[in-house]
1. Within the bounds of the stretch 16-30, is there any residue that is in contact with a Cys (Cβ under 6 Å, 6 or more places away or on another chain) and surrounded by 10 or more Cβ atoms within 10 Å (Cβ to Cβ)?
2. State whether one or more residues within the stretch 11-20 are at pLDDT 95 or above and part of a loop (DSSP other than H, G, I, E, B).
3. Of the conditions (1) surrounded by 10 or more Cβ atoms within 10 Å (Cβ to Cβ); (2) of a type in the set (A, V, I, L, M, F, W, C); (3) at pLDDT below 95, V8 fails just one. Which one is it?
4. Return the pairs, sorted by first residue and then second, in which the second residue is surrounded by 12 or more Cβ atoms within 10 Å (Cβ to Cβ) and acidic (D, E), the first residue lies in the stretch 31-42 and is closer than 15 Å to N15 by Cβ, the beta carbons are less than 7 Å apart, and the residues are 6+ apart or on different chains.
5. Would you say T33 is touching a strand residue (DSSP E or B) at 6+ places or on another chain (Cβ under 7 Å) and not in a helix (DSSP H, G or I)?
6. Which residues, counting only those in the stretch 6-21, are within 9 Å of the chain's Cα centre (by Cα) and of a type outside the set (D, E)?
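The values are calculated or read from the model by the stated rules, or taken from the named source; none is laboratory data. Only a predicted model underlies this, so the values are computations on that prediction, with no experimental measurement involved. When we count neighbours, we look across all protein chains shown, and the Cβ atoms used for this are built from the backbone with ideal geometry, even at glycine.
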Amino acid sequence: MAQVKTLVITGYGTNCERECAFAADQAGSDLTTVAYFSDLTA
């Protein structure tokens, strides 16, 4: 089975990144990364 990778995007005005990352881990994600939106657009 393929690895499941999850990207949780966070930024100003969002505050649920920890809960989303935890939910992804509990659902079976092999790799969960939290990244700021500004880092993705740079």
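1. For the stretch 16-30, residues in contact with a Cys (Cβ under 6 Å, 6 or more places away or on another chain) and surrounded by 10 or more Cβ atoms within 10 Å (Cβ to Cβ): absent.
2. no
3. That leaves (3) as the condition not met.
4. So the pair list comes out as V34/E17.
5. Working: touching a strand residue (DSSP E or B) at 6+ places or on another chain (Cβ under 7 Å): yes; not in a helix (DSSP H, G or I): yes.
Yes.
6. T6, L7, V8, I9, T10, R18, C20, A21
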